[in-house]
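Right, one structure below, let's go through it.
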Amino acid sequence: MLARIQDEYIVLEEHARRRAYFMEKRTYYNEGNPDNITRAALFIFFMRTCYNGIYSVNRSGKLSVTFGAGGRVKLLEEELIRFNHKLLQDVVILDGDYRQTAEYTGANSLFYFDPPYKPVNEGNSCTSYMPQDFGDEEQINLANFCKEIGETGAK
């Protein structure tokens, strides 16, 4: 699937055509209900072609990444995918509220939390792109949660 997307993308040489293709695929990803394999291939496509590889969603939980420079044409790196597949065996990846991770705390645990950044001014808010805001109180709660997990190894 990713090979097909790569082939379709490579032949589009103009930036505007690649951007249009990107937006068409993003709409399908968000609205078209793709199967899991297609969804995974599209996700890799977006992360390889979007602005700085930055994953973002809007308040509706829809993928909202923007198109990048458009110069990358090699999207499918089979060796890297196979290597990552091997590394991720027996790994649990959670997507959701950070508090659900407490039950997974153990000697071989690694937690990566990526909360919204605190804006430097009121006019530049990136804390409200999810259905629930993630403001100062939530940042403090996350910091306390991390301290507690780090100190006790369990909640």
> Among the aspartates and glutamates, which fall within straight-line cross-link reach of residue 62, defined as a Cα-Cα distance under 15 Å, with same-chain neighbours fewer than 8 residues apart omitted?
Replying inline: 24, 31, 95
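Calculate for the chain the 222 nm mean residue ellipticity that helices alone would give, adding -39,500 (n - 2.57) per DSSP H run of length 4 or more and normalising by residue count, nearest 500 deg cm²/dmol. Provide the component values of the computation, followed by the final result.
On the way: 5 runs with 67 residues, N = 155.
Per the formula, -14000 deg cm²/dmol.
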> By average Cβ neighbour count within 10 Å, what is the ranking of 49-60, 91-102, 17-28 from highest down?
Replying inline: 17-28, 49-60, 91-102
>> If I take R0 = 30 Å and measure r between the Cβ atoms of residue 97 and residue 20 in this structure, what FRET efficiency does the formula 1/(1 + (r/R0)^6) give, to the nearest 0.05?
In response: 0.25
> How large is the accessible surface per residue of the chain, computed with a 1.4 Å probe and reported in Å² as a whole number?
Replying inline: 72 Å²
> Amide H to amide H under 5 Å from residue 50: which residues, 5+ apart in sequence or cross-chain, H placed 1.01 Å off N in plane?
Replying inline: 68
> Can you give the net charge of the other residues whose Cβ lies under 15 Å from the Cβ of residue 70, counting K and R as +1 and D and E as -1?
Replying inline: +4
> Which order do 88, 75 take by accessible area at a 1.4 Å probe, largest first?
Replying inline: 88, 75
>> Of the candidates 133, 90, 35, which one comes out as most mobile in a Gaussian network treatment of the chain with C-alpha springs shorter than 10 Å?
In response: 90
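I need the calculated FRET efficiency for the pair residue 141 and residue 51, taking r as the beta carbon distance and R₀ as 35 Å, to the nearest 0.05.
E(calc), rounded to 0.05, equals 0.70.
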>> Tell me whether the chain comes out rounded, prolate or oblate; compute the Cα gyration tensor, take square roots of the eigenvalues as a ≥ b ≥ c, and use a/c under 1.5 as the rounded threshold.
In response: oblate
>> 7 Å from Cα along Cα→Cβ at both residue 74 and residue 39: what's the point-to-point distance in nm?
In response: 3.0 nm
> Which value, in Å to one decimal place, does the Kirkwood hydrodynamic radius take for the stretch 27-80 when every pair of different Cα atoms is included?
Replying inline: 11.9 Å
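How much FRET efficiency would the formula 1/(1 + (r/R0)^6) give for residue 108 and residue 60, where r is the Cβ-Cβ distance and R0 is 41 Å, rounded to 0.05?
So, using R0 = 41 Å, E works out to roughly 0.70.
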> What residues have an amide H closer than 5 Å to that of residue 57, excluding those fewer than 5 places away on the same chain, when H is modeled at 1.01 Å from N in the peptide plane?
Replying inline: 64
>> Per 0.36 nm of contour for each residue apart, how much would the distance between residue 8 and residue 81 grow if the chain were fully extended, relative to their Cα-Cα spacing?
In response: 24.3 nm
> So, with a 1.4 angstrom probe, what is the percent of accessible area on the chain that is carbon and sulfur?
Replying inline: 52 percent
>> Set the bar at 21 Å for Cα to Cα. Now go through 118/147; 86/147; 25/74 and name every pair that lies beyond it.
In response: 86/147
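The values are calculated or read from the model by the stated rules, or taken from the named source; none is laboratory data. Because the structure is a prediction, the values reported are computed rather than measured. Positions of Cβ are generated from backbone atoms using ideal geometry, with glycine treated the same way; all protein chains shown enter the neighbour counts. Quick note on the areas: whole protein, heavy atoms, side chains included, nothing else; ligands and nucleic acids left out. Shrake-Rupley method; radii C 1.70, N 1.55, O 1.52, S 1.80 Å.
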